[in-house]
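Data first, discussion second: the structure below is written as structure tokens.
The values are calculated or read from the model by the stated rules, or taken from the named source; none is laboratory data. The model shown is predicted, which means the values in this text are computed figures rather than measured ones. FYI the Cβ positions are ideal-geometry reconstructions off the backbone, even for glycines, and counts take in every protein chain you see. Side chains are part of the model used for accessible areas, which takes the heavy atoms of the whole protein and leaves out ligands, DNA and RNA. Shrake-Rupley method; radii C 1.70, N 1.55, O 1.52, S 1.80 Å.
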Amino acid sequence: METLLLNDNQVDIAAQIIKDGGLAAFPTETVYGLGADALNGKAVAEIFKAKGRPMDNPLIVHISDILQVYDIVRDFPEKAQALANKYWPGPLTMIMKKKDIIPDEVSAGLDTVAVRFPSHPIAQRLITLSGTPIAAPSANLSGKPSPTEFSHVVEDLSGRVGAIIDGGACNVGVESTVITLATDTPCLLRPGGITLEQLREVIGDVDVDKAVFAKPGDGTPVASPGMKYKHYAPKAKVIIINAKSDAYIEYVNAHAADGVCALCYEEDKAKLDLPCVVYGKTGDYSEQARRLFEALRRVDELGASLAYARCPQPDGVGMAVYNRLIRAAGFEVINP
Ligand code: TXA
Ligand code: MG
């Protein structure tokens with residue numbers, strides 16, 4: 001398949017592809033998405049083929065107007081409305097009871113649907129011009145780090161999708177926060193750009209799903225199917241070193257060898273005796289989030305077989321960074 005590479009003046013071409021039942025990748029403020037008409041089950045099924053994604057992992061439906069939510073959910077709970085008023089458009093996905101109009105291909109047979117109103121102007125324009133809500137996972141091959149730049153999408157999906165729109169680098173850099181409002185107490189399923197603290201500020205009690213930090217046990221059901229897959233992983237093995245700068249540097253220098261690199265913060269770099277890939281500064285969680293996935297791809301470009309990673313602080317947006325990195329590391333953490 002020939003893949004059209006489009007700029008931000010050609011969004012209408014991508015919209016026509018979506019209308020015709022095809023696939024188009026587009027930028028959002030979090031990561032790039034791979035979109036299809038959310039109401040067309042056959043079109044949505046093509047997303048799973050293009051990404052190599054397991055069919056039991058449901059997709060997020062993207063809207064460009066808050067009123068569109070009423071077309072796709074049976075119930076728009078008060079707490080969801082309060083969160084929407086405060087954080088939409090933005091990096092927040094809310095799970096609610098779905099209407100029958102949402103095909104099983106989107107919801108993976110669940111009776112709920114995940115809904116997000118992205119703030120990125122290209123994403124909004126694409127949804128509006130398509131005249132339909134757009135189902136979209138991250139626009140990477142399944143198992144690879146989510147794409148935060150146009151070049152990542154081209155690398156992963158060229159020849160597999162109808163079009164890719166160039167919107168430059170994504171601002172947030174990790175996927176949206178996912179919260180379910182289909183349970184008695186709302187529950188955070190995936191941390192992201194909207195923090196747990198921000199959610200609690202608006203709606204009070206929010207539980208945190210076990211799978212956010214812990215390795216899901218084999219066969220244990222998880223609330224969000226995506227959490228059970230090894231995710232975000234580069235080809236290289238990643239191991240998290242749970243230590244502050246000095247102890248981290250000492251450990252990594254003592255274990256330097258061919259094919260080993262450091263996935264570190266800016267201030268560590270000068271003191272390390274091996275190739276470094278930097279993913280931000282200590283304490284700047286937003287920068288860490290913005291740079292993490294690009295850094296994971298660079299670890300592979302270096303040809304490294306092992307990366308020792310600095311451990312992010314798991315509060316605020318850092319919770320999202322920690323959640324992604326611990327998956328990239330297959331939950332392997334060393335406490336030196
Ligand atoms: O920022 C984002 O959310 C990006 C951009 C493109 O919007 N999208 C994204 O989609 O990250 P994806 O498919 O990579 O991740 C969606 C996550 C998965 O973990 C999936 O299991 C979960 O949301 N999910 C979707 N629908 C769900 C549902 N009905 N119930 C529980 N979890 C759901
Ligand atoms: Mg994904």
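Histogrammed with a bin width of 5 Å, the alpha carbon distances of region 118-174 distribute as 4, 17, 27, 27, 19, 6, 0 percent, first bin at zero. Shown is the FRET efficiency for LEU5 and SER142, computed with R0 = 22 Å from the Cβ-Cβ distance and rounded to the nearest 0.05: 0.50. The separation of region 160-221 from region 289-325, counted between C-alpha centres, amounts to 17 Å. Taking the inverse of the mean 1/r over every pair of distinct Cα atoms in region 44-115 gives a Kirkwood hydrodynamic radius of 12.8 Å. Rounded to the nearest 10 degrees, the angle from helix 318-328 to the longest Cα principal axis of the chain is 80 degrees. A crude spin-label estimate for the pair LYS49 and ASP273, with each label 7 Å from Cα along the Cβ direction, gives 5.4 nm. Set the Cα radius of gyration of the chain against 2.2 N^0.38 Å, with N its number of residues, and you get 0.97. Ligands, DNA and RNA left out, the 1.4 Å accessible surface of region 62-120 is 48% carbon and sulfur atoms. Judged by the mean number of other Cβ atoms found within 10 Å, the most tightly packed of the peptides 162-173, 264-275, 324-335 leads the ranking 162-173, 324-335, 264-275. A quarter of the convex hull surface defined by the alpha-carbon atoms of region 42-177 gives 7.9 nm² as the mean projection. Each peptide in 177-185, 104-112, 287-295 receives the mean, over its residues, of other Cβ atoms within 10 Å, and ordering these scores from highest gives 287-295, 177-185, 104-112. With helices as the sole contributors, the chain gives -8500 deg cm²/dmol at 222 nm; each DSSP H run of n ≥ 4 counts as -39500 (n - 2.57), and the sum is divided by every residue. Once Rg and the Kirkwood radius are both taken over the C-alpha atoms of region 4-64, their ratio Rg/Rh works out to 0.95. Taking the C-alpha atoms only, the angle from helix 41-51 to the longest principal axis of the chain is near 20 degrees. Dipole of the chain computed with +1 at Lys/Arg Cβ and -1 at Asp/Glu Cβ about the Cα centre; of GLY283, GLY167, HIS255, farthest Cα towards the positive end is HIS255. Legend: distances between Cα atoms for LYS244/LYS271; LYS51/LYS144; LYS244/LYS269; LYS235/LYS269; LYS98/LYS144; pairs beyond 18 Å are LYS235/LYS269; LYS98/LYS144. Helix 245-254 axis versus longest C-alpha principal axis of the chain: approximately 70°, rounded to the nearest ten. Accessible surface computed residue by residue for the chain, with neighbouring protein chains in place and a 1.4 Å probe, gives 41 Å² per residue. Computed about the Cα centre, the dipole magnitude for region 57-156 is approximately 280 debye when only Lys and Arg (+1) and Asp and Glu (-1) carry charge, each at its Cβ.
Please report the relative contact order for the chain, taking Cα pairs under 8 Å with a sequence separation of at least 6, and give it as a percent rounded to a whole number. Relative CO of the chain lands at 19 percent.
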